[in-house]
Amino acid sequence: MNKWLFHFRTPVGVVWIAPHPQQPGRVLLGFRNQVLGPYPSPKSAAGDVHLGHSGSTELDDYATTNYAIPEDVSEWEQGDLE
């Protein structure tokens, strides 16, 4: 059912990037089942997650404490969860 472009598993939940349904060429950043916001590209969404600027306090705290979420989206898994 999910149509994710990329996802990254963390101990606090899955972060995902999906195509924006109303704005072709843009993407949505999400965490678990919540949409966190629109972005111009997967690269910019992954960068905000890496820097702890996703908009989710729990995800941002994990990202800035553990430095475990790659900024480079090519290091994320492609597609939906299996």
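The values are calculated or read from the model by the stated rules, or taken from the named source; none is laboratory data. From a predicted model like this one, the values you see are computed outputs, not experimental measurements. Virtual Cβ from ideal backbone geometry, glycine too; neighbours counted across all protein chains shown.
Restricting attention to segment 33-42, which residues are at pLDDT 95 or above and under 21 Å from GLU58 (Cα atoms)? Give the derivation first.
Taking segment 33-42 first, the residues at pLDDT 95 or above are 34-42.
Residues satisfying the conditions are GLN34, VAL35, LEU36, GLY37, PRO38, TYR39, PRO42.
Mind checking which strands (runs of 3 or more DSSP E) fall wholly inside segment 1-46 and carry at least 3 residues that are in contact (Cβ under 8 Å) with a residue 40 or more places away in the chain? Spell out the reasoning first.
Numbers: elements: 6-10, 13-19, 27-31, 34-39.
Ranges flagged: 6-10, 13-19.
Of everything in segment 64-82, what is small (Gly, Ala, Ser) and at pLDDT 90 or above? Give them in sequence order. I'd like the intermediate steps shown before the answer.
If we filter segment 64-82 for residues that are small (Gly, Ala, Ser), which is where we start, we get 68, 74, 79.
SER74, the sole residue that qualifies.
Could you go through segment 53-61 and let me know if any residue there is among the charged types (D, E, K, R), farther than 17 Å from SER74 by Cβ, surrounded by 13 or more Cβ atoms within 10 Å (Cβ to Cβ) and touching a Phe, Trp or Tyr at 6+ places or on another chain (Cβ under 7 Å).
Of the residues in segment 53-61, the ones among the charged types (D, E, K, R) are 58, 60-61.
In the following step, the residues that additionally are farther than 17 Å from SER74 by Cβ were identified as 58, 60-61.
Cutting the leftovers down to surrounded by 13 or more Cβ atoms within 10 Å (Cβ to Cβ) gives us 58, 60.
Checking the rest, the ones that are also touching a Phe, Trp or Tyr at 6+ places or on another chain (Cβ under 7 Å) come to none.
Looking through segment 53-61, none of the residues is among the charged types (D, E, K, R), farther than 17 Å from SER74 by Cβ, surrounded by 13 or more Cβ atoms within 10 Å (Cβ to Cβ) and touching a Phe, Trp or Tyr at 6+ places or on another chain (Cβ under 7 Å).
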Practice task
Mind listing whichever residues of segment 47-77 are of a type in the set (Asp, Glu) and either closer than 14 Å to VAL12 by Cα or in a strand (DSSP E or B) (or both)?
Solution key: GLU58, ASP60, ASP61, GLU77
Exercise for the section: Give the residue, chosen from GLY25, GLY47, that is at pLDDT below 95 and more than 16 Å from GLY79 (Cα to Cα). Expected result: GLY25
Fill in the blank from the handout: When every residue in segment 9-38 that is crowded, with 19+ Cβ neighbours inside 10 Å and not aliphatic (A, V, I, L, M) is compared, the one nearest to the chain's Cα centre (by Cα) is TRP16
